[in-house]
Amino acid sequence: MSIIKIKIIGDQINNAYGRARKAFEARDPAGYQVLARMQAERGADSIDLNIDGTQRISVRAEEMLAFLPLVVPAIQEATDVPICFDNPGVDYHRVGLKALDRSKCRGKPIMNSIAASRTHLPEMIQLVKDYDLRCVIMASEKFLPEGGGAQCFEPQESYQTVLQFVDMLVTKANRTIDDIIVDPGLAPVGADTYGLVNIGIDTMRLVSADPNLKGIHFSVGLTNFAWGTPKGIRDKLEHAYLTIGSEVGLDMALANIERDPQPLPADDPIVAELRAALEAGRRRDGESTEDAGFRQAEAIMAICTPYADN
């Protein structure tokens, strides 16, 4: 099987990273231009724009909304790579998109993301239509009958969520299947006691097998995957996951372009070890999800042991 090239949504404009945090603290659009240009030159297919708070910095909504009209044009001066607007709030997208000049954008911008739990979901879908956007849909949350959303714990639930979103986006936002990017969810593999990584893989498998969804895309937040593992193994684990994910349809990732996030060859030893660890995390007859999850965690720890001091 040939290795596919994963399209990268560059994630460096995020306050989790020091350079982006410094630019935000200084309210320095030029700092964002440097990050946007660097990611474009390294081959990013779109540039994620996330100026929300993190554990290291508190950001109020009004601060983001005041800064977006300065940041968006600055990024567009640096590169014509499409912006991926990344925030759960509808006002963030409304303000950011208003500041966008589509004539300076080589492709469709992206709304990241819409989910069953979004309090202004109809308004977000309307923005997708009005601004002719691609959009990321969260398959890890199911729709509740009474409204709102809840975590999916079965692949079939996630698949049904995808079907509901596709129907909404095609009928209410005039989207094509190619405009829709499914985020199946990606948990830290070493602490995944609920089998969420396997649920995401199985969700992609189900969606990819549906002929009515042919051409749909999949993306994950890749830096979540190896969180908590030794630094010397993180890139290898992430790239091994891309190999396994690409086998069931994964073709995009929100990732650090500086770490060359692409699949490893299928016969790479790390791919085999990760594949075995994930299989170990599948629940067997008579055991709980947590039992299987701890077995997966132990297998991941075994993979990481040689790198513990790196």
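Could you estimate the translational diffusion coefficient of the chain from the Stokes-Einstein equation, with Rh from the Kirkwood formula over C-alpha pairs, at 20 °C and 1.002 mPa s, in whole µm²/s? Please report the intermediate quantities before stating the final value.
Numbers: Rh = 20.0 Å.
My calculation gives 107 µm²/s for D.
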Sequence order, region 221-229: Karplus ³J(HN,Hα) from phi using 6.51 cos²θ - 1.76 cosθ + 1.60, θ = phi - 60°, Hz rounded, Gly and Pro as x, gives x, 5, 5, 5, 4, 9, 4, x, 8
Given 152-162, 196-206, the highest-first ranking by average Cβ count within 10 Å works out to 196-206, 152-162
Expressed in angstrom and rounded, the centroid-to-centroid distance over alpha carbons for region 103-120 and region 248-292 is 27 Å
Residues meeting the amide H criterion for ILE83 (H placed from the backbone, H to H distance under 5 Å, 5 or more places apart or on another chain) are ILE47, ILE110
The answer for LEU254, listing residues at least 5 apart or on another chain whose modeled amide H is closer than 5 Å to its amide H, is ILE9, VAL220, GLY221, LEU222
Summing -39500 (n - 2.57) over every DSSP H run of at least 4 residues in the chain and dividing by its residue count gives a helix-only mean residue ellipticity at 222 nm, to the nearest 500 deg cm²/dmol, of -13500 deg cm²/dmol
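No value in this document is a laboratory result; all are computed from the given coordinates. Computed from a prediction, not measured in an experiment: that's the story for all the values here. With ideal geometry, Cβ positions are generated from the backbone for all residues, glycine too; neighbour counts draw on all protein chains shown.
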